[in-house]
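Okay, so here's the structure we're looking at.
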Amino acid sequence: MRIDSVDAHSYVADALCRVGLAPPDAETTAAAMVSTSLWGIATHGIRLCPIYIMELIGGRARARAVMRHH
């Protein structure tokens, strides 16, 4: 199955927003995932979207995490 990269980006960003990511974070993540898929690196591409969503829903990942430097 083929999907247009713009459609893939929109789908992934929307899905990530629906589980709590801030729109700018969802856009950045979607861009990275789609680009990686386009480069042929399936291990870090859009195929991970369902896994990321389940991790966010299950609490393993935080949608609003803040990086801190020590």
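Summed over qualifying helices (DSSP H, 4 residues or more, each -39500 (n - 2.57)) and divided by its residue number, the chain shows a 222 nm mean residue ellipticity of -18000 deg cm²/dmol. Ordering of 49-62, 11-24 by packing is 11-24, 49-62, highest average first (other Cβ atoms within 10 Å, averaged per residue).
Counting only protein heavy atoms and a 1.4 Å probe, tell me what percentage of the chain's accessible area is made up of carbon and sulfur. The computed percentage sits at 58. Taking 0.36 nm per residue of separation and subtracting the current Cα-Cα distance, fully stretching the chain between Ser10 and Ile51 would add 13.0 nm.
Want the number for Met67 to Arg2: 0.36 nm per residue separation, take away the alpha-carbon distance, what's left?
Values: separation 65, 0.36 × 65 = 23.40 nm, distance 3.54 nm.
In short, 19.9 nm is gained.
Rolling a 1.4 angstrom probe over the protein heavy atoms, how many square angstrom per residue are accessible across segment 1-54?
Details: 3580 Å² over 54 residues.
Here the residues of segment 1-54 average 66 Å² of exposed surface.
For the chain, the C-alpha radius of gyration divided by 2.2 N^0.38 Å, with N the number of residues, is 1.11.
The values are calculated or read from the model by the stated rules, or taken from the named source; none is laboratory data. For clarity, every value in this text was computed on a predicted model and none was experimentally measured. Virtual Cβ from ideal backbone geometry, glycine too; neighbours counted across all protein chains shown. Areas reflect the complete protein model, heavy atoms only, side chains present, ligands, DNA and RNA absent. Shrake-Rupley method; radii C 1.70, N 1.55, O 1.52, S 1.80 Å.
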